Amino acid sequence: MFGLDEFASKIYKSLVKYILKMSKRSLQASEQGIQEAKKAFNRTGLTQQQLANEVNCKSRQPIWKFFRGQPVESQIFLNICDFLELDLQDIVAWQPEQKPNYTSINIDSLVQNIRAKIQPIIQQRCGTIRVLDMTQPIGLTDIYTNVNILEQITGSRRLTIANLLEGFDPESENFDRFGLSRIIKERVPGLKAVERYPKLMILGKPGSGKTTFLKYLAIQCSYGKIFTNLLPVFITLRDFAEARNETNHLEFIAHLLSNCNVKIDEIIEILKEGRGLILLDGLDEIREEDANRVIKEIQDFSSEYYQNKFVITCRIAGQEYTFEKFTEVEITDFNQSQIKSFVTKWFQVKENSEFCTSELEIAGSTAERCLQQLQSNPSIRELATNPLLLTLLLLEFEDAGDFPSNRAELYKQGIATLLRKWDAKRGIIRRDEVYKKLSVQRKKDLLSQIALTTFEHKDYFFKQQTIESYITDFICNLPDAETDPKLLQLDSEAVLKSIEAQHGLLVERARGIYSFSHLTFQEYFTARKIVNSSGPKALEIASQNLVNHITEHRWREVFMLAVGMLQPADYLLQLMKQQVNELVANDEKLQQFLLWVKEKSASVEVPYKSAAVRAFYFQLGCDRYSQRNALDYCDRELISLLDRRLFILLALGNIHTLDLGLDDLLTLACDRTLKIDFPTNSPYPFKGAFFLVCERANILDPKLGKALQELKNQFPDIDADGWKFRQWWENNSQTWIEKLKLLMVEYRNIGHSWLFNKQQQKLLQQYYDANKLLVDCLHSDCYVNRQVRQEIEESLLLPKFHL
């Protein structure tokens, strides 16, 4: 039996509990009580989360408040004391210290005061940016370019592959490479999206500028330039997750602001009033073992202080949990205007304050030159839509004053940046990846296999189950791979999601439909698969398969990349030359045409390579000027065009060069003559063109000049009677034109009527384009034997019996 004193004590304690529970909604511990409670807690060996579970708390927040001496709901307070076996009257603060009554003061003044205090730490944490191989940090606001937001996630769109392919035609000579990631939906400025939604989840590909945007918000808010009534709090979720003692958000904020003379009670009061701009960066960067805890903290924090504005960033496909109250949006790729803005600022920001006027002008001209280079290189410009890859391009341009001529090496660096270098530079040594057994090399091998398979099938967009089957085929041959088909399928899905989330090399364009993030990467990995074929025989077969596509425009970049990767590229270039020759080898008329090209080019003496002269007459003989319409020009414009062409040739100072000029002018003038319809159009363009040719012909060949003058004399006077001239032309034009063409053949060996049919015209165009591709490959930064290069160049555009 209990003693009387012990019984009375129990009655007393129960009465105290009852009175406290009924009279107070919340209780708080005294300073001495906190010390006693901490000792008892440490003896349990539990974490705060585990203690919360034991006392039926939905979150760890009340436990943290209990040990901080802050008010806690009375029932939870009593449960904690009971579990820790604490004497209630020794723990509770019977006369708690008076707290500042913030409701009686101006909350705006408090926000302004705290914001001024934290400005230095916000500037220190968010004010500069240094990525990749930058030698020094630069001011974030100096380089910052406004981002745009999509209010519908691209991967959630209900579109078909046919929808995505609309307007995307890689076989077109000037097709839009950006069509792969074309966005039709309206883009919203990032700041407007933050203003519009109180709780925002910003998703984006790696390197798309998510962190930079959040840092920009923090800086601008701290200086009162945006959200002037809010207090910015910038938290890197990776740092929060890795903080010791599993702190909650309030503890972590207190730690961040510990050197700013800011009391945690002030922060809590601001949060209670809904005056916080809470910026949580990098949800995808936390480790797998920390994920549940961090997600729970964000849930509790955003629920308890729901009146505040919250923004979370995460990589697309990097979040598996959906926050119910948050609106998900996607940060878009840079458009051309944003690229221009970023490039211009990049070259202006370098020690701007120390530049003199001339140096600023140099920086401006460098930016213009860089933009021009981007404009002339669509495959490189495509990468510039990603801010991280654009930074890489600018670093390369800054070093050499140009982009590398070997684009394969440039793309290799870009891919390395996304696969590994970017995370390493940011202190993310490793991610908890499902496919961690895959080395970087194996990841490249996998992507190369996917690229070649899809590119050969003309698949720029592919269904999820299709690409997962490709992944299955690859990983099933790896050591320790699953043998159960169902488990292997799950692994393939996880690998796909990991590639998208961690590297952004494959992206979901619509629900269940994927593509490479850039067509450039699909082309690069296709070329890589070809040149990395195992063994000489396999490389020979792969190279032969490649040259079979030499007439397909969409393979052009793959050829250029493959030639740049091979060391040496002799065999592939020789195969290409053979394939080019075969295009027209079996057509007798085309062979006759090439023979004429050879003979005509050999008949003129000019200081150019023979292949260049053959190319000139090839184009001339193909009547390439016939596609121009002479009636697009007035008389003065047409004469100016002809005069300018001849003037350029005359200015070379070599009279023999006039051979080419005269042939060019004669062909152009004859072509325009054939197109003139005098009954409905003015004869003056014809007059100007032909009369000018007659004058210029006398410079090189007086006999031809005399013959042309005789033809000219057959005309009635156009100026005296235009109607009479038209009548004459209707009756005599065909005979007159035939005489002109005979003169061209007799004196210049040009103007032959080849009368190619449509198939021959198509073959000639393919032959010309394939030769141009071959020349472009030779002129790229490829390694090729000098003798092989010379043999290919000297045999360009020759008939088969003269090779």
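The values are calculated or read from the model by the stated rules, or taken from the named source; none is laboratory data. On a predicted model such as this, the values are computed, not experimentally measured, just so you know. Backbone-built Cβ (ideal geometry, glycine too); neighbour counts: all protein chains shown. Side chains included, ligands, DNA and RNA excluded: accessible areas come from the protein's heavy atoms. Shrake-Rupley method; radii C 1.70, N 1.55, O 1.52, S 1.80 Å.
Summary of the geometry: the stretch 512-590 and the stretch 444-473, compared by the centres of their Cα atoms, lie 18 Å apart.
Counting only protein chains, not ligands or nucleic acids, how are 457, 249, 752 ordered by accessible area (probe 1.4 Å), most first?
The ordering from most to least exposed comes out as 457, 752, 249.
Within the shell of other residues whose beta carbon sits under 15 angstrom from the beta carbon of residue 587, the net charge comes to +2, with Lys and Arg scored +1 and Asp and Glu -1. Between residue 43 and residue 261, the modelled labels are 4.2 nm apart [label points 7 Å from Cα along Cα→Cβ]. Counting Lys and Arg as +1 and Asp and Glu as -1 over every other residue whose Cβ lies under 11 Å from the Cβ of residue 404, the net charge comes to -3.
Pull out the extension gain between residue 735 and residue 457, defined as 0.36 nm times the separation in residues minus the alpha carbon to alpha carbon distance; nm, one decimal. Mind showing how you got there, number by number?
Working: separation 278, 0.36 × 278 = 100.08 nm, distance 5.39 nm.
Between residue 735 and residue 457, full extension yields an extra 94.7 nm.
Between residue 365 and residue 124, residue separation times 0.36 nm minus the direct Cα-Cα distance comes to 83.5 nm. When the residues 454, 327 are ordered by accessible surface, computed with a 1.4 Å probe over the protein chains alone, the sequence from largest down reads 327, 454.
How much net charge surrounds residue 449 when only other residues with a Cβ under 9 Å from its Cβ are counted (Lys, Arg +1; Asp, Glu -1)?
Working: positive: 529; negative: 445, 473.
Charge balance in the 9 Å sphere: -1.
Note on residue 349 and residue 324: their simple-model spin labels are 4.1 nm apart, each label 7 Å out from Cα toward Cβ. Accessible area of residue 412 (1.4 Å probe, protein heavy atoms only, ligands and nucleic acids ignored): about 90 Å².
Given R₀ = 35 Å, what would the calculated FRET efficiency be for residue 533 paired with residue 188, taking r from the Cβ atoms and rounding to 0.05?
Details: r = 47 Å, r/R0 = 1.34.
So, using R0 = 35 Å, E works out to roughly 0.15.
Rounded to the nearest 0.05, what FRET efficiency is calculated for residue 373 and residue 53 with R0 set to 60 Å and r the Cβ-Cβ distance?
0.50
If R0 is 60 Å, the Cβ-Cβ spacing of residue 723 and residue 567 corresponds to a FRET efficiency of close to 0.25.
Residues whose amide H comes within less than 5 Å of that of residue 201, counting only those at least five positions distant or on another chain, are 312, 327, 328, 329 (H built at 1.01 Å from N in the peptide plane). Here the label points at residue 239 and residue 795, each 7 Å from Cα along the C-beta direction, are separated by 6.5 nm in the simple model.
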